[in-house]
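**Q** Let me begin by handing over the structure; questions about it come next.
The values are calculated or read from the model by the stated rules, or taken from the named source; none is laboratory data. Small disclaimer: the values here were computed from a predicted structure and weren't measured. Because the Cβ atoms are built from the backbone with ideal geometry, glycine has one as well, and the counts that use them run over all protein chains shown.
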Amino acid sequence: MILRELLSGLREPPSALRGDANVDVSSLTTDSRRVLPGALFFALPGTRTDGSRFVGEAIERGAVAVAAEKLPATSPATCLSFPSILRALSEISARFHGHPSRKLCLVGITGTNGKTTITHLLESIWASAGHRPGIVGTIRYRVGERSWPAPFTTPQAPELQRLLAEMVEAGATHVAMEVSSHALALERARDCDWDGALFSNLTRDHLDFHPDMESYFAAKRSLFTDLLPRSAKPRRFAVVNRDDPYGRRLAGEIGERLITFGRGDDADVAPVEVERSLEGLRGEIRVGQERVAIASPLVGDAHLENILAAAAAAWAQGIPLPTIAEGVRRCRGIPGRMERVDQGAPFAVLVDYAHSPDALERAMRLLRSVAEGRVIVVFGCGGDRDRGKRPLMGEAAGRIADLVIVTSDNPRTEDPLRIIHDVERGVIEAGLGGIQEGAVRRAEASGYLLVPERKRAIRLAIEIARPTDVVLIAGKGHETDQIVGAERHPFDDREEARRSLREVVGS
């Protein structure tokens, strides 16, 4: 597109422009390393470095125009400045790619936990209803058999709008998108036209990015109080978890059609009688004034909550209850979300993405409720992230599990032992005592160990597990690498568990 056309009629036009506005723009990017000839390069401010440092590199690579909050002193390329570079990036990206969200039914899912599972459930329900669904989320971006890597839960605005355009081209009719608090704070999804928005819950996480919980909540809330009302879609709806304190606050601020889910009679969608086991969920839920039977291989109360959320969103769109139930039944499981690793052992091994205090506690409480034997948990905390949650996770593990093995989980540039000792403080506060590896091999042993090497920690948990025990490997879920320093090393909890089970159990 011609730059002048891209800029015409913007809600927030450039505050300054220097150079030729008639240049032909062939692509948009925020990464100088990905600039191609004809690109419009957006120099974004950052927490670690400023994009303005890379303007020269972008021009050398062929950028015909540069957008920044302040004009560069000199430049052979056309230069623009905007009052808000992030909002300009969002609006221009949507315009450049032809506003693809207007051609889709687009539902945004936000919250601390459950986003990935809810998108997969919605995908399955929509497919059961005869639609062609897509997913934008943590694990992969996909439509049908076509998929794209997912470097971010919610991509930068140019990549997001291009992805939605490619999904339209691939025949998608409905898209479920995980919308992270980072993306909301950084305006990445500001110019999507939403049909619906869903709030799962809010618990402590990402406080290395947000100053406090109120700021974290404000980012999530903006999807409902700012972005959704601005959408041009005619039948907008919001779905909110009434059991969550932040959800109840949010429900009082929403002006759109509101559907709630939760365990109480005051929720629009709620469980009636549901049996829980390591084999899954089975029973009835109430949707409005009607009941529908559900059966799902997904394990635990957290997944029941996710099923209620997806059912509420589907019901808001007018999808019949039998179709919703069929979609729930057909959703066979989500990678790294209470994923069973089954090699014929007489004990259960599950891998889960739980990496916040609330998510870890929920996972362990579930396993405590169904385990006939001990609950053994292997987990760590990420480096260069919120240090305050480390003892909280340790305390939850020490309070609920019988055996806790604290290990490494993406230490990044921090000393792994420092992270482990931060976690250990919480385990000790919960009253769990340290135990030697020799003693931990006794059938009734309880306590905690520090095993920095994650591979060895997983192997140890499987070696000491007895019939009827349950082993939970938490924190990484679907991830397939371990970040140490600035390098990524191949590592998959599920593969490590399978390998150990084959070697230990002989299956």
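**Q** For Gly336, work out the one condition from (1) of a type outside the set (A, V, I, L, M); (2) on the phi < 0 side of the Ramachandran plot; (3) within 20 Å of the chain's Cα centre (by Cα) it doesn't fulfil.
**A** (2)
**Q** Just checking, which of Arg132, Arg140, Arg162 is among the charged types (D, E, K, R), within 23 Å of Ala309 (Cα to Cα) and over 17 Å from the mean Cα position of the chain (by Cα)?
**A** Exactly one of Arg132, Arg140, Arg162 is among the charged types (D, E, K, R), within 23 Å of Ala309 (Cα to Cα) and over 17 Å from the mean Cα position of the chain (by Cα), namely Arg132.
**Q** Please work out which residue is modelled with the highest pLDDT, limiting yourself to the stretch 290-328 and to residues that are small (Gly, Ala, Ser), under 23 Å from Val341 (Cβ atoms) and surrounded by 18 or more Cβ atoms within 10 Å (Cβ to Cβ).
**A** Per the criteria, the residue is Ser296.
**Q** Separate question: Which condition from (1) in contact with a helix residue (DSSP H, G or I) (Cβ under 7 Å, 6 or more places away or on another chain); (2) within 21 Å of Gln156 (Cβ to Cβ); (3) not in a strand (DSSP E or B) is the one that Leu36 breaks?
**A** Unmet for Leu36, out of (1) in contact with a helix residue (DSSP H, G or I) (Cβ under 7 Å, 6 or more places away or on another chain); (2) within 21 Å of Gln156 (Cβ to Cβ); (3) not in a strand (DSSP E or B): (1).
**Q** Restricted to the stretch 276-289, and to residues that are free of Cβ contacts under 8 Å to residues at least 24 places away in the same chain and at positive phi, which residue is surrounded by the most Cβ atoms within 10 Å (Cβ to Cβ)?
**A** Narrowing the stretch 276-289 to residues free of Cβ contacts under 8 Å to residues at least 24 places away in the same chain: 279-280, 282-284, 286, 289.
Now restrict to residues that are at positive phi: 280, 283.
Working: Gly280: 19, Gly283: 16.
Going through the qualifying residues, I end up with Gly280.
**Q** Mind telling me which of the residues Ile109, Ile59 ends up being buried (at least 20 other Cβ atoms within 10 Å of the Cβ) and in the same structural domain as Ser200 (by TED's automatic domain parsing)?
**A** Ile109
**Q** Let me ask you something else. Could you give every pair whose Cβ atoms fall below 6 Å, whose first residue belongs to the stretch 484-507 and is in contact (Cβ under 8 Å) with a residue 40 or more places away in the chain, and whose second residue is of a type in the set (D, E, K, R) and crowded, with 19+ Cβ neighbours inside 10 Å, counting only separations of at least 6 or pairs across chains?
**A** Asp493/Lys476; Ser500/Arg459
**Q** When the residues of the stretch 34-50 are narrowed to those that are under 20 Å from Phe96 (Cβ atoms) and in contact with an Asp or Glu (Cβ under 9 Å, 6 or more places away or on another chain), which ends up surrounded by the fewest Cβ atoms within 10 Å (Cβ to Cβ)?
**A** Once the filter is applied, the top-ranked residue is Gly38.
**Q** Any idea which residue in the stretch 258-275 is surrounded by the most Cβ atoms within 10 Å (Cβ to Cβ), counting only those that are among the charged types (D, E, K, R) and without any contact (Cβ under 8 Å) to a residue 40 or more places away in the chain?
**A** Step one: of the stretch 258-275, the residues among the charged types (D, E, K, R) are 263, 265-266, 268, 273, 275.
Then drop every residue that is not without any contact (Cβ under 8 Å) to a residue 40 or more places away in the chain, which leaves 263, 265-266, 273, 275.
Values: Arg263: 14, Asp265: 7, Asp266: 9, Glu273: 9, Glu275: 10.
So, considering only residues that are among the charged types (D, E, K, R) and without any contact (Cβ under 8 Å) to a residue 40 or more places away in the chain, the one surrounded by the most Cβ atoms within 10 Å (Cβ to Cβ) is Arg263.
**Q** Please work out if Ser277 is modelled with pLDDT of 95 or more, in contact with a helix residue (DSSP H, G or I) (Cβ under 8 Å, 6 or more places away or on another chain) and among the hydroxyl-bearing types (Ser, Thr, Tyr).
**A** No: the conditions fail for Ser277.
**Q** Something else now. Which strands (runs of 3 or more DSSP E) does the stretch 56-132 wholly contain that include 3 or more residues that are closer than 30 Å to Asn241 by Cβ?
**A** In the stretch 56-132, 105-110 are the strands (runs of 3 or more DSSP E) which contain 3 or more residues that are closer than 30 Å to Asn241 by Cβ.
**Q** Could you list all residues from the stretch 194-218 that are assigned to a loop (DSSP other than H, G, I, E, B) and either modelled with pLDDT of 95 or more or closer than 16 Å to Ala313 by Cα (or both)?
**A** Passing the criteria: Trp194, Asp195, Ser200, Asn201.
**Q** Does Leu281 count as closer than 20 Å to Ala354 by Cα and either touching an Asp or Glu at 6+ places or on another chain (Cβ under 9 Å) or not assigned by TED's automatic domain parsing to the domain that holds Gly108 (or both)?
**A** Numbers: closer than 20 Å to Ala354 by Cα: yes; either touching an Asp or Glu at 6+ places or on another chain (Cβ under 9 Å) or not assigned by TED's automatic domain parsing to the domain that holds Gly108 (or both): yes.
Judged against the criteria, Leu281 is a match.
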